[in-house]
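J.: Below you'll find the structure I mean.
The values are calculated or read from the model by the stated rules, or taken from the named source; none is laboratory data. Source: prediction; values computed, not measured. A quick note on method: Cβ atoms are made from the backbone with ideal geometry, for glycine too, and the neighbour counts reach across all protein chains shown.
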Amino acid sequence: MTVRNAILMIIALLLGAAIVAVPLYANGYYLALGISILYFTVLATAWAMFSGPTRYISLATAAFFGIGAYSAAITAETLSWPLQLLVAAGAGGVVAAITGLSTLRLSGIYFVIFSFGLAELIRQLVIWYEVNVHKSVGRYLFSDITQEVLYWQLLGLAVVVLLAGYALNRSRYGLALRAIGADETAARHAGINATLVKLGVFVASAVFMSVAGAMMAPRWTYIDPAIAFNPMISFQVVIMALLGGATHLLGPLLGVVPLVLLFEVLTAALPNHFSIVLGLVFVAIVMALPQGVIGLIAPLLARPHAKPVAMPAIAESPLLSVERVSKSFGGLRAVEGVSLTVAQGEILGIIGPNGSGKTTLLNMLSGALIPTTGTIRLGDAVISGLPAHKIARLGLARTFQLVRVMPELSIAENVAAAALFRAGASAGSETEIHDLLELVGLGRRSDTPAGELTYIDQKRLELARALALEPRILLLDEWLAGLNPSELETGIALIARLRDRGLTIVMVEHVMDAIRALCNRCLVMSAGKVIASGTPEVVLADRTVITAYLGEADA
Ligand code: ADP
Ligand code: MG
């Protein structure tokens, strides 16, 4: 340990001791401030745990906080204090699981509105219950918990929440969550079960909020639904987390301290205009500090994922078989009765004019779309109807016609995201990720955010991410489109190398030279149907194929 580290350690210990000892030296007013800082720290950190990486702006904090507070008020006379906390945690978790299942499909503003409505809905339900069942609204809460004990409880909870956030960030679910926030579709096709990961973290964050509510309940002595479900809390928490920076574990804390003090001054000085000032503070923060205070401090934390590498599974032939698959969009039959098989080690080319259904076919193979009719098998498993992340984990990887990288994640993280949940449950080692980047020609720049890459390099990155799944079969959707002649040559050579390693590939392509150079077989689609198939020489000389291409513009 260097002298500098030793000094830092001593400072941290002293600071920690000072924080723990606040109730011993602070008087009532400052102790109350400390309590406010702690419970907002819990709420804002728990909020950022879910909303930071996923960018689902949740206004449901008041709902979960209120559930905790109210359940503590109801159980106060019958249960011991630890059991009250447990019931609060359970109630918050169950409500979060039910609402999460039904709403985490919503995105953007719809989720914001729903989450805001949730607090009001639950408040109305509680009022209904109190009026009709309990026959009086509001509860008195007599508790022997002193301010000092409350402070220490909240401090303990804050430490637990921060540790949980730390553990989450270091686990593979942390990277999975950020991958989902950056590009949910790409994340699903990289084998991440986006629904489950989002739901799990949403529930965990709600449980912490509910426990905070239960701990705070004795502070009021009298609780009614308007106190417990105060929507202002939701907004305050969002503002605090955004001011500090929601994408870093300690970011919310940096926002909580100044804002609790500011709100304290404001409620005293401008009791009637508090909401207006709150709104103005909110706008100012979003405009001046989009990344939060933590964005100014430049976080330099890399997260290595070092775990052993699994061997790819060997498949039996035919590896992929498609039986009479169709897809309709309303009246439009985008794909109609397509059957094909792909043998282990083969490269199958798919060509056809624009709009002939090639991408729709790949979307069905990869689980982005469910076929209207027909069956798709990978090895022995029927994969039609499975969600994208399951198909990815079974060893089917893809790239997208319109390239999809996770822009805010680094190059290495983009690749690591696909190694998180692949078969065998082994995350990619740093060497493996580096080798993949080297293979596609991105070797030396692994810390650059993917969004800063050129279009061509993003395509390379997408290929590396697909390969990180250790796929048995790879689908390429016009991966060579938009490359200049020398890039094209490198690109074709790269695909040839993958073939030589034994990888099975289905490639949709307009570059006929690539089809000739790489494919054992190719099939031609037109208006959703396969109109020809065979070796590239034969197919490309076929009269019906030529007519299909010439018959439609810009093929
Ligand atoms: P290709 O990849 O061969 O150019 P696509 O599979 O993208 O063709 O499209 C086939 C047809 O299906 C087109 O007419 C397209 O407009 C239509 N289509 C594709 N995706 C959708 C969708 N999600 N909703 C409605 N129509 C779609
Ligand atoms: Mg297409």
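J.: Would you mind stating whether residue 137 is surrounded by fewer than 19 Cβ atoms within 10 Å (Cβ to Cβ) and without any contact (Cβ under 8 Å) to a residue 60 or more places away in the chain? First the steps, then the outcome.
T.: Numbers: surrounded by fewer than 19 Cβ atoms within 10 Å (Cβ to Cβ): yes; without any contact (Cβ under 8 Å) to a residue 60 or more places away in the chain: no.
No.
J.: If you take the residues in the stretch 485-520 that are within 16 Å of ligand 1 (Cβ to nearest atom) and of a type in the set (A, V, I, L, M, F, W, C), which one is surrounded by the fewest Cβ atoms within 10 Å (Cβ to Cβ)?
T.: The first filter runs over the stretch 485-520 and keeps only residues within 16 Å of ligand 1 (Cβ to nearest atom), leaving 506-512, 515.
Then drop every residue that is not of a type in the set (A, V, I, L, M, F, W, C), which leaves 506-508, 511-512, 515.
Values: 506: 26, 507: 25, 508: 22, 511: 20, 512: 14, 515: 21.
Among those residues, the one meeting the criterion is 512.
J.: Could you tell me whether the stretch 296-303 includes any residue that is modelled with pLDDT under 80, farther than 24 Å from residue 38 by Cβ, in contact with a Ser or Thr (Cβ under 9 Å, 6 or more places away or on another chain) and surrounded by 14 or more Cβ atoms within 10 Å (Cβ to Cβ)?
T.: We begin by selecting, within the stretch 296-303, every residue modelled with pLDDT under 80; these are 296-303.
After this cut, where a residue has to be farther than 24 Å from residue 38 by Cβ as well, the list is 296, 298, 300-303.
Add one more test, that the residue is in contact with a Ser or Thr (Cβ under 9 Å, 6 or more places away or on another chain), and what stays is 302.
Among the residues that remain, those that are also surrounded by 14 or more Cβ atoms within 10 Å (Cβ to Cβ) are: none.
No: zero hits.
J.: If you don't mind, another one. Within the group 378, 361, which residue is within 16 Å of ligand 1 (Cβ to nearest atom), under 26 Å from residue 500 (Cα atoms), of a type in the set (A, V, I, L, M, F, W, C) and in the same structural domain as residue 468 (by TED's automatic domain parsing)? Steps first, answer last, please.
T.: Values: 378 fails: within 16 Å of ligand 1 (Cβ to nearest atom).
361 is the lone residue from the list that is within 16 Å of ligand 1 (Cβ to nearest atom), under 26 Å from residue 500 (Cα atoms), of a type in the set (A, V, I, L, M, F, W, C) and in the same structural domain as residue 468 (by TED's automatic domain parsing).
J.: Have a look at 544, 490 and point out the one that is within 34 Å of the chain's Cα centre (by Cα) and either over 22 Å from residue 400 (Cα atoms) or not aromatic (Phe, Trp, Tyr) (or both).
T.: Working: 544 fails: within 34 Å of the chain's Cα centre (by Cα).
After ruling out the rest, the residue left standing is 490.
J.: Something else about it: Would you pick out the residues in the stretch 327-349 that are touching an Asp or Glu at 6+ places or on another chain (Cβ under 7 Å) and surrounded by 19 or more Cβ atoms within 10 Å (Cβ to Cβ)?
T.: Within the stretch 327-349, just 349 meets the criteria.
J.: A further question follows. Please go through (1) within 17 Å of residue 396 (Cβ to Cβ); (2) over 24 Å from the mean Cα position of the chain (by Cα); (3) buried (at least 17 other Cβ atoms within 10 Å of the Cβ); (4) of a type outside the set (A, V, I, L, M) for residue 465 and return the number of the only condition it doesn't satisfy.
T.: Single failed check for residue 465: (2).
J.: Turning to a different aspect of this structure: Residues in the stretch 147-156: is at least one among the acidic types (Asp, Glu) and either more than 14 Å from residue 54 (Cβ to Cβ) or more than 9 Å from the chain's Cα centre (by Cα) (or both)? Steps first, please.
T.: Step one: list which residues in the stretch 147-156 are among the acidic types (Asp, Glu), which gives 148.
The next check asks that each one be either more than 14 Å from residue 54 (Cβ to Cβ) or more than 9 Å from the chain's Cα centre (by Cα) (or both); those that pass are 148.
There is at least one residue in the stretch 147-156 that is among the acidic types (Asp, Glu) and either more than 14 Å from residue 54 (Cβ to Cβ) or more than 9 Å from the chain's Cα centre (by Cα) (or both).
J.: Output the number of residues of the stretch 330-365 satisfying the condition of being in a strand (DSSP E or B) and either within 15 Å of ligand 2 (Cβ to nearest atom) or within 32 Å of the chain's Cα centre (by Cα) (or both).
T.: Total meeting the criteria: 7.
J.: Looking at the stretch 401-409, can you tell me whether even one residue there is within 16 Å of ligand 2 (Cβ to nearest atom), in a loop (DSSP other than H, G, I, E, B) and either free of Cβ contacts under 8 Å to residues at least 24 places away in the same chain or at positive phi (or both)? Before you say what the answer is, go through the steps one by one.
T.: Step one: of the stretch 401-409, the residues within 16 Å of ligand 2 (Cβ to nearest atom) are 401-404.
Add one more test, that the residue is in a loop (DSSP other than H, G, I, E, B), and what stays is 401-404.
So of that shortlist, the ones also either free of Cβ contacts under 8 Å to residues at least 24 places away in the same chain or at positive phi (or both) come out as 402.
Yes, the stretch 401-409 contains at least one residue that is within 16 Å of ligand 2 (Cβ to nearest atom), in a loop (DSSP other than H, G, I, E, B) and either free of Cβ contacts under 8 Å to residues at least 24 places away in the same chain or at positive phi (or both).
J.: Which condition number does residue 174 fail, the rest of (1) part of a helix (DSSP H, G or I); (2) crowded, with 24+ Cβ neighbours inside 10 Å being met?
T.: (2)
J.: Mind listing just one residue for me: the one in the stretch 458-494 that is within 22 Å of residue 444 (Cα to Cα) and acidic (Asp, Glu) and, of those, nearest to ligand 2 (Cβ to nearest atom)?
T.: Applying the filter and picking the extreme gives 462.
J.: Okay, next question. With in the same structural domain as residue 165 (by TED's automatic domain parsing), in contact with a helix residue (DSSP H, G or I) (Cβ under 9 Å, 6 or more places away or on another chain) and crowded, with 17+ Cβ neighbours inside 10 Å as the only criterion, which of 244, 255, 200, 251 stands out? Walk me through how you get there before you give the answer.
T.: Details: 244 fails: in the same structural domain as residue 165 (by TED's automatic domain parsing); 255 fails: in the same structural domain as residue 165 (by TED's automatic domain parsing); 251 fails: in the same structural domain as residue 165 (by TED's automatic domain parsing).
Result of the check over 244, 255, 200, 251: 200.
J.: Taking residue 454, is it without any contact (Cβ under 8 Å) to a residue 24 or more places away in the chain and either away from ligand 2 (no atom under 16 Å from the Cβ) or under 21 Å from the mean Cα position of the chain (by Cα) (or both)?
T.: Yes: the conditions hold for residue 454.
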